[in-house]
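Q: Once you've had a glance at the structure underneath, I'll fire off some questions.
Please treat every number below as a calculation from the coordinates, not as lab data. Given the structure is predicted, the values throughout are model-derived calculations rather than measurements. Positions of Cβ are backbone-derived with ideal geometry, glycine not excepted, and every protein chain shown enters the neighbour counts.
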Amino acid sequence: MAGEETNGTAPVKENATTLASRLQHLSLSAQTVHADDFLNSHSAVAPPMHVSTTFRYSRNPDELSYMVNTSPHNAHDSHIYSRMTAPNTQRFEAILTSILRGPSLSYSSGLSAFHAMVVFLNPKRIAIGGGYHGCHGVIRVMQKLTGLRQLDLDCADAELGPGDLIHVETPLNPTGEARDLEFYAAKARRTGAVLSVDATFAPPPLLDPFAFGVDVVMHSGTKYFGGHSDMLCGVLAVAPHRAEEWLPKLLMERLFLGSVMGSMEGWLGIRSLRTLELRVLKQSADAEKLVRWLATEKERAGSVVADAVAEIQHASLQVKNNGKGEELAWLRRQMPNGFGPVFALSLKDENDARRLPSKLVLFHHATSLGGVESLIEWRSMTDASVDKRLLRLSIGVEGWEDLRDDLVQGFEALAKERAGAAQSG
Ligand SMILES: *Cc1c(COP(=O)(O)O)cnc(C)c1O
C-alpha cells in the first residue's frame, strides 16, 4: 500500500492503468476503503481535511512547470487552486473512479453534474423520458442559450443523429422501476447518439451501466454516495473508451463552470463511501422485503394495507412478470444484486396520501433519498407532475421489521380517522 513518507527521494508515480487494474481485482468494499491509499502521504489512518484554496509552488525554480505542482511527498498529489482540484475531492474521485469503473469527476450537486454533461456534449437534441424533474429544469435553462430540442425517450430512430444525446434514468424517480439499458444502447449505436444514464437510484453494487454500453454515468452523490443526508454532490463517470478524449475536456470545463464540491463535502464523501456496500445492500434488501410484505398485505382481505393502497411500484415487482408469468431476463441481468431502496405507493385516496406521513414515527416526512434514515414523501410536495396519491419511500438502515411495524400503526391510525370521519359525517 502507498502511504510511506518518501524521505526526500523522488516519489515514483504508478501508472494510472496499472493502478486501476490492480484495484479492479479487489471487492467493492476493499475498493471503497483502499482505492485512495495511493494519495495518502501521511501516517494518519483517517484522511485529513485540507481547507486550503491555494497550494505553494516549489522553491526550486528549476522544478516550476505549467499546471503541474507535485507534492514533495506524493507524485499523484498535484494541486494549484481548488477550483481545479483539491486533496479531499481528489481522494473522493479516486474511489469513485475505481468503483464506477471509469474516470470520475465530482460536482457541487447532481444537477450541476447533469448541466456540465449537457454543456460538454452540446447536443442538438436530447431524448429523455420522465424521471427527475430537476434535469428537465436544466434542459429549459439550456434551451435559453442554445437551440437544444427535447425529444421523447422513445422517439423514432430517424429523429436522432450523431452527437445527439439519449439520457436514461434507471431506476426511475419516483417509482423505483427500471429501464432496459441494452435496448437504449442499441438505439444509440444505430443513430450515432451518445448514451448517458442517471444511475442515482442504483449505485454500486446494484448496477454497472458501463457493462451495458453506456457512455457517461451520472449520479446525484447527494443520495447514496453521501448516504447521510448531509452533503450535496454530483458525479460524472466516463466510459473507459471515451476517457482519453473526454476527461481532460470535462476537467477543463469544470474549471470554468466552477461547480466543484467543497473540501468538507469531499471529506464527508470519503467517510461515506467507506461503507457504501454495507449500506446499499442492506437498504436494498430491506426495501425488497417491505415491498414483498406490502404486496402480500394488499391482497389480504381486511388488512389495513389493502384498505388504503391501490398500487405498489418497484423494480422487484417489475422483474417478476413480463405478462406471461416469466421473469424479465434483462432486468435480472441488469440488477443482479438487488433492485434499490426506493419504491412508490399509490394510495386509493389523495387525502390518505397527504396524511399518512404524519402518522409515522421512524420515517421522516421529507424529500430526497439514499440516507441511513428512512424517508417518506408525499411526492406532490416537490414534483407538481406527479399524481397526488403517490408516496415515495426511501428505505434507510433501521431494519425492515421496525419499518413494517411503523407502517402498520400508520395505516391503522388512518383507518381509525376514516372511521371517525364516517361516524361524525
Ligand atoms: C436528487 C436527484 C438528482 C439531482 O441531484 P442533486 O444532488 O439534488 O442536484 C438528479 N437525479 C436523480 C435521479 C435524483 O434523485
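Q: So what's the gap between the Cα centers of the stretch 402-425 and the stretch 179-231, to the nearest angstrom?
A: What the calculation gives is 39 Å, centre to centre.
Q: What order, most packed first, do the peptides 229-241, 120-132, 84-96, 36-48 have when packing is the mean number of other Cβ atoms within 10 Å of each residue?
A: Output ranking for 229-241, 120-132, 84-96, 36-48: 84-96, 229-241, 120-132, 36-48.
Q: Wrap a convex hull around the Cα atoms of the chain, take a quarter of its surface area, and give that in square nanometres.
A: 23.5
Q: What distance in nm separates the two pseudo spin-label positions at Ala419 and Ala384, each 7 Å out from Cα along the beta-carbon direction?
A: Result for the modelled spin labels: 4.0 nm.
Q: Hey, can you grab everything whose amide H is under 5 Å from the amide H of Glu311? Only 5+ residues off in sequence or another chain; H modelled, so Pro and N-termini drop out.
A: The answer is Ser346.
Q: For a Förster distance of 41 Å, can you work out the FRET efficiency between the beta-carbons of Arg22 and Ala306, rounded to the nearest 0.05?
A: Once rounded, the FRET efficiency stands at 0.15.
Q: Report the antiparallel proportion of the DSSP beta bridges in the chain as a percent, rounded to a multiple of 5.
A: 60
Q: Using the beta-carbon distance between Arg83 and Ala156 and R0 = 41 Å, what value does 1/(1 + (r/R0)^6) give for FRET efficiency, to the nearest 0.05?
A: 0.45
Q: For the stretch 214-307, just run the numbers: alpha carbon Rg, then divide by 2.2 N^0.38 Å, N being how many residues it has.
A: 1.59
Q: Using R₀ = 30 Å, calculate the FRET efficiency as 1/(1 + (r/R₀)^6) where r is the Cβ-Cβ separation of Asn15 and Glu327; round to 0.05.
A: Efficiency, from the Cβ-Cβ distance: 0.10.
Q: Could you work out the relative contact order of the stretch 11-109, using alpha carbon pairs under 8 angstrom and six or more residues apart, expressed as a whole percent?
A: With pairs under 8 Å counted, the relative contact order is 33 percent.
Q: When only C-alpha pairs under 8 Å and at least 6 residues apart count, what is the relative contact order of the chain, in percent?
A: RCO, the chain: 15 percent.
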